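The values are calculated or read from the model by the stated rules, or taken from the named source; none is laboratory data. Nothing here was measured: the structure is a model prediction, and the numbers come from that model. Methodologically, a virtual Cβ is constructed for each residue, glycine included, from the backbone with ideal geometry; neighbour enumeration extends over all protein chains shown. All accessible areas refer to the heavy atoms of the entire protein, side chains included, with ligands and DNA or RNA removed. Shrake-Rupley method; radii C 1.70, N 1.55, O 1.52, S 1.80 Å.
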Amino acid sequence: MPAPTVNFWWTLLIGTAAFLSLGIGLVTVLLVHERTKRKLESEKTTILRESERRYGDLFNNVTDLIYIHAIDGTILTVNESIAKLLCLDGQTLTGKSIQDFLHPRFRKQVETYLSRISTGTGHFEGRLPIYLNGGSKIIVIEFRSSPVVESGKIVAVRGIGREITERLSYERSMRQSNIKLEKALSASRTMERSLSELSKQMIQFQEDDHKRISRELHDEIGQILTTITFNMEILKRDLEGKASDGILRRVDESQSLAQDVIESVHQVIGELRPVSIDELGILPTLRKYIHEFTERTRIPVFFTEEAVIEHLSANQKISVYRIVQEALTNIIKHAHASAVRITIGRCHAGGLAIQISDDGYGFDPQKITVVSPDAANNSLRLGLLGMRERVKLIGGEIAIDSTPGAGTEINLTIFNRREE
Amino acid sequence: MKLPLIAYIDILSNAFPLGVGVSRWKRVKSEAIIVFVFVGVGAVTELITLFMAFRNLNNLWVLHIYHLIEYVLLALLFSRWQSVPWLRFLIKLSIPFYALFWLISKWTFEGWTGPATYTHTLSAAIFTILTTVALIQLIRSDHGGKGSEHHVPVYQSMHFWVFAGVLLYFTGNVTLFLLIDTVTQFQFLNAVTVWTLHWVLSIVVNVCFMVSFLCLRRQ
């Protein structure tokens, strides 16, 4: 019987090693693959658990209401916010129907909602009143639901909601407040219109009065004074050579006094209602007034005319005159300026721009908006108020810019054909 | 005739899977029964051949029959655990073809009293390929073959241990089966020395089958 040869042993060894290593190798690969897969799964599970934990925290701690219900309306899960709102345990709610928390009259709406959401046509938004404590308390929920689809089939409905009871209450209050505010505003506007109308009428009356007084002064007193002066002249001629020097001197003085009264009356007439506005026009009248102002106060006024203003209406002309008059009066009373500049030009909108500026004391516009014990302040305040009212009446705009110690600038803009 | 200790350990090792199978008999259902029967038949065959060897009787014809039963049982088991339909059909179809080949070989080139050089080598090659395919399928999927447990680690799967055992057995033995003609011509001592490899691999297979029964879960 032969013994195993070396070749035999080698053949057996190599053959067995080759095939066995295939087997062992395959089994080892499988086990290593399994270990790697388990490790990956373990990591995925850890990540998944962490996500679930975070989601769970978010799900329960968010203030919004989050719910998942079946397509028949059975509650599957709700977050803590819903449980707190309904004063029930989350577990107790699971298994209940949505209908259990609604008044019977909303059953139809819920059925419509469930049938629409189960057809899977996108999300569904709406509002529903929820009855709590047996109907003694009602809260309103605004919600948005969308179907949960798995393998092409709707398996549940999930959604998010918010209690809006307070918000609705605020909205209702706001609406009522708005209505009241609208009414108050309307009344205020009506009053403002009435006041404006009254102001207009008062200014008109004032102008008419000034006109009447001016006319009466001119026609009656002026005439009388002129007659007195004339008679004094005749008396002086008659008494020459017949009366003593003392009597003649008295007559001269009386004549001079009468002349002074005539001039004063003319000045008053000019202050009340300058007739030259109607006869000569606004610009010559302004020039004359400015000249007299300069003569009287020794304050130089630099007057520049870059536009024609004779096309303004009678009311606009007299208002412009009064505003300039008021501005110059304020300069004498309050500003103590050394120079004044008045410019009449065109503005960008095609209207007239009139600027009156001085280098006087200036004032704080905030301090003169309210009544104060300071008489000078009140006088300035009323003067500026009067200017604003006049400007409004002739359809213009006025901007008064002043800084204490830095002078004052008044910008008046009159638009074409915007009289009120 | 004195056999080495490893031979007796090999015979004893049949008790491991059988013992565990019996202890978990309630869990032994469907394909696990085939494994149990396979191990049982193997154990009985070893005992019979050992008895006949001590009596100086030719026991090779017993092994021939055992090889056919081994092929049929393993083919049935593999077909039931195979998820690919055409492969399942092919495995089932191979049973009658192998049986025919086996019959022809017994009555022609192999005979009843000689070693099963061609038939056993062929079955070894076939099951090496089948277990390789099955293990690769296990690597690629979570489930493994048809009827396997879901979502358990592969080393807790009965399939894995049966496939591993069968693969190690046949890959380790295929060269030996090919050279069986030469081995039967050696002196007893030399033949027994060579056959030690087979006994070792048998013990490994029995351990694998024992673990496979341990992996059975409550139904």
* Among the candidates A:Ile68, A:Ile82, A:Ile130, A:Ile98, which residue alone is in contact with a Lys or Arg (Cβ under 8 Å, 6 or more places away or on another chain) and β-branched (Val, Ile, Thr)? -> A:Ile68
* To do: Report whether or not A:Lys288 is in contact with a Ser or Thr (Cβ under 7 Å, 6 or more places away or on another chain) and either open to solvent by 30 Å² or more (accessible area, probe 1.4 Å) or under 20 Å from A:Phe415 (Cβ atoms) (or both).
  => yes
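A quick yes/no check of all residues on (1) surrounded by 11 or more Cβ atoms within 10 Å (Cβ to Cβ); (2) assigned to a helix (DSSP H, G or I); (3) of a type in the set (Val, Ile, Thr):
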| position | (1), (2), (3) |
| --- | --- |
| A:Ile139 | yes, no, yes |
| A:Arg158 | yes, no, no |
| A:Lys180 | no, yes, no |
| A:Arg193 | yes, yes, no |
* To do: Return yes when B:Ala7 is surrounded by 19 or more Cβ atoms within 10 Å (Cβ to Cβ) and closer than 27 Å to B:Tyr118 by Cα and no when it is not.
  => yes
* Looking only at the range A:379-416, and only at residues there that are among the small types (Gly, Ala, Ser) and at pLDDT below 85, the one that is farthest from A:Leu195 (Cα to Cα) -> A:Ser379
* Structure fact -> Condition set open to solvent by less than 90 Å² (accessible area, probe 1.4 Å) and charged (D, E, K, R), scope the range A:31-41, selection nearest to the other protein chains (Cβ to nearest Cβ): answer is A:Glu34
* Structure fact -> Every listed condition ((1) in contact with a strand residue (DSSP E or B) (Cβ under 8 Å, 6 or more places away or on another chain); (2) free of Cβ contacts under 8 Å to residues at least 24 places away in the same chain; (3) open to solvent by 70 Å² or more (accessible area, probe 1.4 Å)) holds for A:Asp100 save (1)
* Examine the range A:237-251 for a residue that is among the hydroxyl-bearing types (Ser, Thr, Tyr) and in contact (Cβ under 8 Å) with a residue 40 or more places away in the chain, and state whether such a residue exists. => no
* **Which numbered condition A:Ser51 misses (of (1) loosely packed, with under 11 Cβ neighbours inside 10 Å; (2) within 14 Å of chain B (Cβ to nearest Cβ))** => (2)
* To do: Evaluate the range B:196-203: report whether one residue or more is open to solvent by 50 Å² or more (accessible area, probe 1.4 Å), within 17 Å of B:Phe16 (Cα to Cα) and β-branched (Val, Ile, Thr).
  => yes
* Asked: Would you call A:Thr28 away from chain B (no Cβ under 14 Å) and of a type in the set (S, T, N, Q)?
  -> no
* Asked: Before we move on, is A:Lys44 basic (Lys, Arg), open to solvent by 90 Å² or more (accessible area, probe 1.4 Å) and either away from chain B (no Cβ under 14 Å) or on the phi > 0 side of the Ramachandran plot (or both)?
  -> no
* Structure fact -> Among (1) open to solvent by 60 Å² or more (accessible area, probe 1.4 Å); (2) away from chain B (no Cβ under 14 Å); (3) not small (Gly, Ala, Ser), A:Val62 falls short only on (1)
* Please go through the range A:165-201 and pick out each residue that is charged (D, E, K, R) and without any contact (Cβ under 8 Å) to a residue 40 or more places away in the chain. => A:Glu166, A:Arg167, A:Glu171, A:Arg172, A:Arg175, A:Lys180, A:Glu182, A:Lys183, A:Arg189, A:Glu192, A:Arg193, A:Glu197
* Every pair of residues 6+ apart whose Cβ atoms lie under 6 Å, when the first sits in the range A:122-143 and is touching a residue at least 60 places away in the same chain (Cβ under 8 Å) and closer than 15 Å to A:Ile164 by Cβ while the second is assigned to a strand (DSSP E or B) and open to solvent by less than 30 Å² (accessible area, probe 1.4 Å) -> A:Ile141/A:Leu128; A:Ile141/A:Ile130; A:Ile141/A:Gly161; A:Phe143/A:Gly159; A:Phe143/A:Gly161
* Asked: Within the range A:3-17, is there a residue that is aliphatic (A, V, I, L, M), more than 9 Å from chain B (Cβ to nearest Cβ), open to solvent by 90 Å² or more (accessible area, probe 1.4 Å) and assigned to a helix (DSSP H, G or I)?
  -> yes
* Asked: Taking strands (runs of 3 or more DSSP E) that do not extend beyond the range A:261-363, which have at least 3 residues that are of a type in the set (D, E, K, R)?
  -> none
* Give, as residue ranges, the helices (runs of 4 or more DSSP H) completely inside the range A:19-120 that count at least 2 residues that are hydroxyl-bearing (Ser, Thr, Tyr). => A:107-118
* Asked: Among the residues of the range B:165-195, which ones are surrounded by 18 or more Cβ atoms within 10 Å (Cβ to Cβ), more than 9 Å from chain A (Cβ to nearest Cβ) and over 29 Å from B:Val154 (Cα atoms)?
  -> B:Phe177, B:Ile180, B:Val192, B:Trp195
* Among residues belonging to the range A:354-365 that are of a type outside the set (Val, Ile, Thr) and within 20 Å of A:Ala339 (Cβ to Cβ), point out the one that is surrounded by the most Cβ atoms within 10 Å (Cβ to Cβ). => A:Asp358
* Structure fact -> In the set A:Gly222, A:Gly270, the lone residue that is at pLDDT below 90, in contact with a helix residue (DSSP H, G or I) (Cβ under 6 Å, 6 or more places away or on another chain) and surrounded by 11 or more Cβ atoms within 10 Å (Cβ to Cβ) is A:Gly222
* Structure fact -> A:Ile130 vs (1) open to solvent by 30 Å² or more (accessible area, probe 1.4 Å); (2) at pLDDT below 85: all pass except (1)
